[in-house]
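Worksheet: one structure, shown below.
The values are calculated or read from the model by the stated rules, or taken from the named source; none is laboratory data. Treat the numbers as computed from the prediction; the structure is a model and nothing was measured. Note that we place each Cβ from the backbone using ideal geometry, even for glycine, and neighbour counts take in every protein chain shown.
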């Protein structure tokens, strides 16, 4: 065998010097990772301001999504709102309507919790058939961060909720305002008013300086640039809870208030954007699983399109409404695979097939497609998004 | 505190979920609920009035006012039609607001205010708070009433004599008001909860029934070296927006010294234009033409954009967008050029016009 010159020859980096500590006061990923970025599907929306892009989940590992590549969804663009200009109002059916500044929020007892945020439309383009070639595009409307903030309950108690209060209406400071109605019971349970994600301030595109975190429930309710919480005795029935984010069944009737994200999983590698490049032998199959109804209890992986399943290894026990990483370490013989993953959660829910979902919901739902995904991995290691019988 | 023991009027299935969620999250260490912290200050009535604009289905929250269909048609043409079309039929990928009645049980139902939206309050509230796109909260209550009246008219739900007001609001029932059910997944999909999912020999032969490659609507990287595959006949969700990408205008050496403050102000004002126009690196023609290099350019010349006949003719006749011509156009587009596609009403303030031109010059 020929000796590897990378080993036998002295390389530049082993003799010269690298960057000093002041080169990047706030760093970006190294240039060699420049393909690990959010991507947009241009034909989905009329413009990029009221639009969505996708997390490069095919290229990430672990469970925490870096803010810089976590998917964005804006209805009127990502605004720039200084902390000093930030105000949060609590009004409606409360004893004392209150206004908080950002500095006020920092003085309430703080909590740290990790949750996934998934757009209700994630995988929506796949309802009618296999359409987009890549886990980023089929399942990338999701991210998972550690949030630091104040429990919404704490702020509501500060204002004093009146007995006739049954709902809260939450809205943002941007032009769309994106208001949603949330039952008071949920608002008093685990909803957070967050100002940090993964240890740092929220990025502009994630609602700097303050966003709402509504664990397990569809991303649209996680109002960014949160400016107002109104306690009400009825829901507002705003645009984003009637004309959008409602699920039309085959008979033309639509489900509303489908807040929870059903248990779901996807193999992130190998996948269409992450081909096997090493040939037969040891292969790491990995992916993500999550549930809006609790924690992931287990994930099964099939190599043959759902005929036979084996239990994958969870990198860590599933936690409440957060991403779980799974691995299946196999010795790949180089033959074709029809790769699937199937999530199970602590409520006993098992991720359904597309056929099972379509049987109940038809093809016109747009939202809440949590069906099992199939990647056709070919002998050359490339993968394609397919549907199987 | 006893108020938390109130019986809530939310659906039983959701309550069950919430209870389950609460049990699961008990392991999380939460701060002990304490007495009040004394933080924040009382919200003033004027402040609440400024932000508390939402309107409930029964009309609670509506301000006094009224607007008729004819006025609505005019306001709509000026402020809404650029994206939603003169008849609320929608332009390109922008939302269609009219039509679609009777399509909800078809493949690809057309969901509009007339065919899908359950409550008129939603339309009023959204127009009032979030429209026009890029110039939200600029409409008077009477204009909102008029626009909503026109949207109803466009959906054949009222006649052309109709006047919508806070008094007549409750008369309107939208056709799909009863077309919604509460989330019934726990019942309708209870078979997805199963103790023992199949692990072996779960089905017979497995065949590939559909491939993404056949559709090929996945965005390609600019550097991808594989040739674009054929587009299938049956592009399911891909809309037919196939406008050609204009060539990027090469950077011209900067000659005029621009006032950076004015440029910054222009960038802010340009937000009014962003719904239709792009400028800067990577800008493309969208609903309106790309504006890179527009100052000093011949009218109607952005490659790949389908201008109005009037704009093309003006360009052919030698119209060049110097500062004077641009200022006149931006003040009142439709008066300046009869037949222009640009539905924007115009910039009222000279200072805004000056700033926008400076901003556009910074991209010329």
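For the range B:19-106, the helices (runs of 4 or more DSSP H) that sit wholly inside it and include 3 or more residues that are modelled with pLDDT of 95 or more and surrounded by fewer than 20 Cβ atoms within 10 Å (Cβ to Cβ) are B:45-51, B:69-79.
Among the residues of the range A:303-319, is any buried (at least 20 other Cβ atoms within 10 Å of the Cβ) and in a strand (DSSP E or B)? No, the range A:303-319 has no match at all.
Looking at the range A:371-389, is at least one residue at pLDDT below 95 and surrounded by fewer than 16 Cβ atoms within 10 Å (Cβ to Cβ)? Yes, the conditions are met somewhere in the range A:371-389.
Quick grid of which residues meet (1) without any contact (Cβ under 8 Å) to a residue 24 or more places away in the chain; (2) over 24 Å from residue B:218 (Cα atoms):
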position: A:320; (1), (2): no, yes
position: A:325; (1), (2): no, yes
position: A:346; (1), (2): no, yes
position: A:349; (1), (2): no, yes
position: A:352; (1), (2): yes, yes
position: A:359; (1), (2): yes, yes
position: A:368; (1), (2): no, no
position: A:382; (1), (2): no, no
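Residues are listed down the side, and each one gets a yes or a no for (1) within 28 Å of residue A:46 (Cβ to Cβ); (2) surrounded by fewer than 14 Cβ atoms within 10 Å (Cβ to Cβ); (3) in contact with a strand residue (DSSP E or B) (Cβ under 7 Å, 6 or more places away or on another chain):
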{"site": "B:260", "(1), (2), (3)": "no, yes, no"}
{"site": "B:266", "(1), (2), (3)": "yes, no, no"}
{"site": "B:272", "(1), (2), (3)": "yes, no, no"}
{"site": "B:289", "(1), (2), (3)": "yes, no, no"}
{"site": "B:303", "(1), (2), (3)": "yes, yes, no"}
{"site": "B:309", "(1), (2), (3)": "yes, yes, no"}
{"site": "B:330", "(1), (2), (3)": "yes, no, no"}
{"site": "B:351", "(1), (2), (3)": "no, yes, no"}
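So is residue A:28 part of a strand (DSSP E or B), in contact (Cβ under 8 Å) with a residue 40 or more places away in the chain and more than 30 Å from residue B:96 (Cα to Cα) or not? In short, no. Selection of the range B:107-150 for residues being assigned to a loop (DSSP other than H, G, I, E, B) and more than 8 Å from chain A (Cβ to nearest Cβ) yields B:110, B:112, B:114, B:115, B:131, B:132, B:135, B:138, B:139, B:140. The single condition among (1) surrounded by fewer than 22 Cβ atoms within 10 Å (Cβ to Cβ); (2) more than 30 Å from residue A:282 (Cα to Cα); (3) in contact with a strand residue (DSSP E or B) (Cβ under 7 Å, 6 or more places away or on another chain) that residue A:331 does not satisfy is (2). Looking at the structure I just gave you, is residue B:298 more than 25 Å from residue B:138 (Cα to Cα), touching a strand residue (DSSP E or B) at 6+ places or on another chain (Cβ under 9 Å) and modelled with pLDDT of 85 or more? Yes. Looking across the range A:208-245, just one residue is within 19 Å of the chain's Cα centre (by Cα) and at the interface with chain B (Cβ under 7 Å from one of its Cβ atoms), and that is A:216.
Only a single item in (1) more than 19 Å from residue A:121 (Cα to Cα); (2) facing another protein chain (nearest Cβ under 10 Å) is not met by residue A:326, and it is number (2).
For the range A:300-320, the criterion of being under 21 Å from residue A:119 (Cα atoms) and away from chain B (no Cβ under 11 Å) is met by none of the residues. Consider the range A:140-169 and keep the residues that are without any contact (Cβ under 8 Å) to a residue 60 or more places away in the chain and in a strand (DSSP E or B). The one that is surrounded by the most Cβ atoms within 10 Å (Cβ to Cβ) is A:150.
For the range A:287-300, a residue qualifies if it is assigned to a strand (DSSP E or B) and surrounded by fewer than 23 Cβ atoms within 10 Å (Cβ to Cβ), and the qualifying residues are A:297, A:298.
Residues that are assigned to a helix (DSSP H, G or I) and farther than 22 Å from residue B:90 by Cα are absent from the range B:285-305. For the range A:354-368, a residue qualifies if it is out of contact with any helix residue (DSSP H, G or I) (no Cβ under 6 Å at 6 or more places or on another chain), surrounded by fewer than 21 Cβ atoms within 10 Å (Cβ to Cβ) and in a loop (DSSP other than H, G, I, E, B), and the qualifying residues are A:362, A:363. Residue by residue through the range B:127-149, note down the ones that are buried (at least 19 other Cβ atoms within 10 Å of the Cβ) and over 15 Å from residue B:169 (Cβ atoms). Answer for the range B:127-149, where residues must be buried (at least 19 other Cβ atoms within 10 Å of the Cβ) and over 15 Å from residue B:169 (Cβ atoms): B:129, B:130, B:131, B:132, B:133, B:134, B:139, B:143. When residue B:159 is tested against (1) facing chain A (nearest Cβ under 7 Å); (2) over 24 Å from the mean Cα position of the chain (by Cα), exactly one condition is not met: (1).
Scanning for something assigned to a loop (DSSP other than H, G, I, E, B), within 12 Å of the chain's Cα centre (by Cα) and not assigned by TED's automatic domain parsing to the domain that holds residue A:366, does the range A:123-139 turn up at least one residue? Yes, there is a match, as at least one residue in the range A:123-139 is assigned to a loop (DSSP other than H, G, I, E, B), within 12 Å of the chain's Cα centre (by Cα) and not assigned by TED's automatic domain parsing to the domain that holds residue A:366.
Results for (1) touching a helix residue (DSSP H, G or I) at 6+ places or on another chain (Cβ under 8 Å); (2) at pLDDT 95 or above; (3) within 30 Å of residue A:96 (Cβ to Cβ), shown as yes or no for each residue.
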{"residue": "A:211", "(1), (2), (3)": "no, yes, yes"}
{"residue": "A:229", "(1), (2), (3)": "yes, yes, yes"}
{"residue": "A:252", "(1), (2), (3)": "no, yes, no"}
{"residue": "A:262", "(1), (2), (3)": "yes, yes, no"}
{"residue": "A:266", "(1), (2), (3)": "yes, yes, no"}
{"residue": "A:291", "(1), (2), (3)": "no, yes, no"}
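Scanning the range A:10-38 for residues that are farther than 30 Å from residue A:134 by Cβ and surrounded by 10 or more Cβ atoms within 10 Å (Cβ to Cβ) gives a single hit, A:11. Restricting to the range B:36-60, and then to whatever is more than 7 Å from every other protein chain (Cβ to nearest Cβ) and in contact (Cβ under 8 Å) with a residue 60 or more places away in the chain, can you tell me which residue is nearest to residue A:97 (Cα to Cα)? Out of the qualifying residues, it is B:53.
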